[in-house]
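The structure under discussion appears below in the form of structure tokens.
The values are calculated or read from the model by the stated rules, or taken from the named source; none is laboratory data. Everything numeric here is computed off the predicted structure, so don't read it as measured data. So basically every Cβ, Gly included, is an ideal-geometry build from the backbone, and we count neighbours across all protein chains shown. We work out accessible area using only protein heavy atoms, side chains counted, and drop any ligands, DNA or RNA first. Shrake-Rupley method; radii C 1.70, N 1.55, O 1.52, S 1.80 Å.
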Amino acid sequence: MEKISQSTKKKDHEEKISGRALYVDDHVMEDMLHGRLLRSVKAKARLVDIILPDLPSGYFVVDKNDVTGVNRVHIVLDDTPVYAEDTVEYVGEPILMVVGPEMKEVERILNAIVVVYEEQEPILDMRAAETVFFHYNYAKGDIETAFKEADRVFVETFQTGYQEQAYLETQGIIAYPHNGRMTVRGSMQCPYYVHGAIAKALGCKNQDVQVVQDVTGGGFGGKEAFPSILACQVAVAAQKANKPVKVIFERREDMEFTSKRHPSISTYKVAVKSGEITAMDIEVLFNSGAYTTLSPVVLQRGLICASGVYRIENLRVTGRAVKTNTVPTGAYRGFGAPQTFFAVEMMMDHIATALGVDSLELKERCMVKQGDATSTSGKYHFHVPLPEMVARIDQLADYRAKRKNYQHQTGRYRKGIGLSIFFHGCGFTGSGERDIIKAVAKLRKNADDTVEVLASNTDIGQGLKTTFCKIVADTLGIPYEQVLIENPDTDRVPDSGPTVASRSLMTVGGLLQRAAVRLKQEWKSGEVQVIEERFVEPDFVIPFNLKEFRGDAYPTYSWSVNAIEVEVDILTATTKILGAWGIFDVGVPIDLNIIQGQMQGGLLQGIGYASMEQMDYNDQGIIRNNSFSDYIIPTAVDVPHLVTEILNNPYTHGPYGAKGAGELPLVGAAPAYVEAVENALSVSIHKIPFTPEDTMRVLQEANQ
Amino acid sequence: MMIEFTLNGQTVESAAKANTRLLDVLRHEFPLTGVKCGCKEGECGACSVILDGKLVNSCMIALGFVAGGNITTIEGYRETERFAVLDKAYAAVSAVQCGFCIPGMILASECILAKNPNPSEGEIRDGISGNLCRCTGYNAIVEAIHIAAREGKGLW
């Protein structure tokens, strides 16, 4: 283990464990008002009339007419209204906000408002969608010839469902005007995203907006773009009230109406000749919901991962993100990759079964290695440690022997084991880092020789405060306690980009390391010094061209192999998880405890996605699973045997050899789990989540 | 009518209605913001407090029910020697990520150890199964409670 990997007490441990940490709902300001949103109850309708009751003194309503700037939330394409205009496009779309001093009274007023809708026919099913928000395709090799010359052609379709981030702290924002400026604080991943959105909605100058991140109770992507929407709504209210306004979502409101993982349908057509896979023709469909939010980038990542970790010479990938009258979907840890990795891993498994070979054997034959081309004709520039990871997981889980033993079982309890192989592209997709983000990070040395990290990246639980400070302290050769970091405040920190895409540590941590090297050289004890570093793309990168969908989508990749073992009770259709193993290469861990925590937490979220986290809407477009009673996430008793190991594979261009980490562990759990269930029951499965109800269905079909 | 109870060792009273959620009374009236609100329906455990030696979801308890009772929240518990042991144990394995479940999780840890100073892994997992954590995958928290059991000899 490298010295930097040795674990340190986390910077935020003390305030969090003692209950002293203040999250947004813990802040109370003088004269503060409370707001709650009135939301559409129809999936698609024209707003004919809104009839308000008499409002008591001190209470008022905020809507589209109060937006002094542009009534659009700046995200990517800026189509999400701050408040609804003439139509509503999904159940839950915010129409107006009621604001006042007492929440009970705010709720009474909300219930007394009558909205007259002229209903229109909604489109709920993504297969029936008429509007294609985003459409990409790319290809390589000669796909027509490959299919013409194939011995066998396999066609299968895979479906994945919603996944709700289910961070323990719901969304919340406080906005308050003062001295001609607007300050917004709250639970968020990306202060500068919120900053840009507020300036556009209020129609004010950038310098008139200040955004401060409060201690944030989990994000997982759910606090990437969504806080920009809520912040605009609250800032408009605060501007109208000329007082602080706080909005904290209820759990049901948060589950039902905030962005979640895109449901998907992927169809794979695969050519096989002489037992080898020669071509893949892949069509991917993502349900974007009513507005575009982050769908273009989510779809891009999903498509780049569509052929998995396999060398496919002849490849065609087509993808669409379509509009439906459902809640807009968005960022969630993995960002499009868990959907297509599930599909490609299951496809490989099913082809192997049809060819009479074990799934792992087929996968091993086509795994990429260093120097191979990526799906988008970029290059795997660095060592690909998959063979040693497979060997290690086999050792840990006794995968090959169990896999064979578990075939053709009879009796009530049937065991199964499955395995998945996957990567996560580190950092922003394509040229976003170079062309859009252009990250800047700073170190400020104070006169007392303490050093402060100035970056806009947020610690949302993943330990970034600690790892940033460790890098700076070690590079400078000063004690960890001498390096300070606060929650980002846009008045104080430069825009080092959002806290997304497993980029913060690798990219911004790299800038901080460079800044620390320079500061060390220029160090003048007792003086104030500020060092700034800007992002420069590494020169080995083959530039990505989005139009052609070609080049290095990522500079490097984090790698993983998962195995999951289950026992299915065919009487009750329940599945017990006997073990879950994951080997992860995230480069050099900057803190081993933190990385283990990320891997274990991510793997368990992935198992939830695969096995129990079921969310769907009814024929009115209303989400049915909107509470922890109906949307089940794993508890401490669900996967008692969860084992994670770290493989040290330094990345030459990351700080201390670190790569992206946060998203990787979620990406491959689902196919490993479903392969295990297939192994136990000798069936083919094409969907996640695969719940006890699904098991029941499969068992009934097998009996007929 | 005033409702009297013991809160973190002090006798206190509240004028709130007897059917008010204990969670709201603790957060807004006293104001003990270490008690977190995650769902208000008894599912997540973020608002856990110890009532007469038992771990309860304060969102599911009406104020009237605690009349004469003894409540400990993280604000009281953090002053104890037992907390110091748990604090150190949680820090050693970096079991705190976003932190939102942690005040409840610490009080759940206390209840596990109070019941059995040498709990098995199964007892630990059962004891925190009413406290959801979305960050850690629970391993580090389970390990921290094991460490506290080992290091806190005689305290429980």
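Residues A:LEU604, A:LEU355, ordered by accessible area of protein heavy atoms at a 1.4 angstrom probe radius and largest first, appear as A:LEU355, A:LEU604.
Across chain B, the relative contact order, built from alpha-carbon pairs under 8 Å that are at least six residues apart, equals 24 percent. In chain A, helical runs assigned H by DSSP with n ≥ 4 each contribute -39500 (n - 2.57); averaged across all residues and rounded to the nearest 500, the mean residue ellipticity at 222 nm is -8000 deg cm²/dmol.
The slack between A:LEU396 and A:ASP151, meaning 0.36 nm per residue of separation minus the straight C-alpha distance, is 84.5 nm. If you plug the beta carbon distance of A:ASP630 and B:MET1 into 1/(1 + (r/R0)^6) with R0 = 30 Å, you get a FRET efficiency near 0.20.
Placing pseudo-labels 7 Å out from each Cα toward the beta carbon at A:MET103 and A:ASP54 gives an inter-label distance of 2.8 nm.
Could you tell me the calculated FRET efficiency between A:GLU85 and A:ARG492, based on Cβ-Cβ distance and R0 = 45 angstrom, to the nearest 0.05?
For R0 = 45 Å, the calculated efficiency reads 0.80.
Taking all protein chains as shown and a probe of 1.4 angstrom, A:SER684 keeps an accessible surface of around 80 Å². Averaging the sequence gap over all C-alpha pairs within less than 8 Å and six or more residues apart, then dividing by the number of residues, gives region A:432-534 a relative contact order of 43 percent. For region A:432-534, the fraction of C-alpha pairs more than 17 angstrom apart is 45%. Annotation for A:GLU693 and A:LYS369: the two label points, set 7 Å from Cα along the Cα-Cβ direction, are 4.7 nm apart. Annotation for A:THR267 and B:SER129: the two label points, set 7 Å from Cα along the Cα-Cβ direction, are 4.4 nm apart. With a Förster radius of 51 Å applied to the beta-carbon distance between A:ASN111 and A:GLU548, the computed FRET efficiency rounds to 0.40.
For the protein assembly as shown, which whole percent of the accessible surface, found with a 1.4 angstrom probe, sits on carbon and sulfur atoms?
In the protein assembly as shown, the share of accessible area belonging to carbon and sulfur is 48 percent.
Could you give the accessible area per residue of the protein assembly as shown, probe 1.4 Å, as a whole number in Å²? On a per-residue basis, the protein assembly as shown sits at 35 Å².
Based on Cα contacts under 8 Å between residues 6+ apart, region B:3-76 shows a relative contact order of 41 percent. Beyond a 23 Å Cα-Cα separation, which of these cross-linked pairs lie in this structure: A:LYS369/A:LYS470; A:LYS10/A:LYS246; A:LYS16/A:LYS470; A:LYS415/B:LYS115? Result: A:LYS369/A:LYS470; A:LYS10/A:LYS246; A:LYS415/B:LYS115 exceed 23 Å.
Which entries of A:LYS42/A:LYS323; A:LYS402/A:LYS687; A:LYS273/A:LYS323; A:LYS260/B:LYS88 show an alpha-carbon separation above 27 angstrom in the structure shown?
A:LYS273/A:LYS323; A:LYS260/B:LYS88
Taking all protein chains as shown and a probe of 1.4 angstrom, A:TRP523 keeps an accessible surface of around 80 Å².
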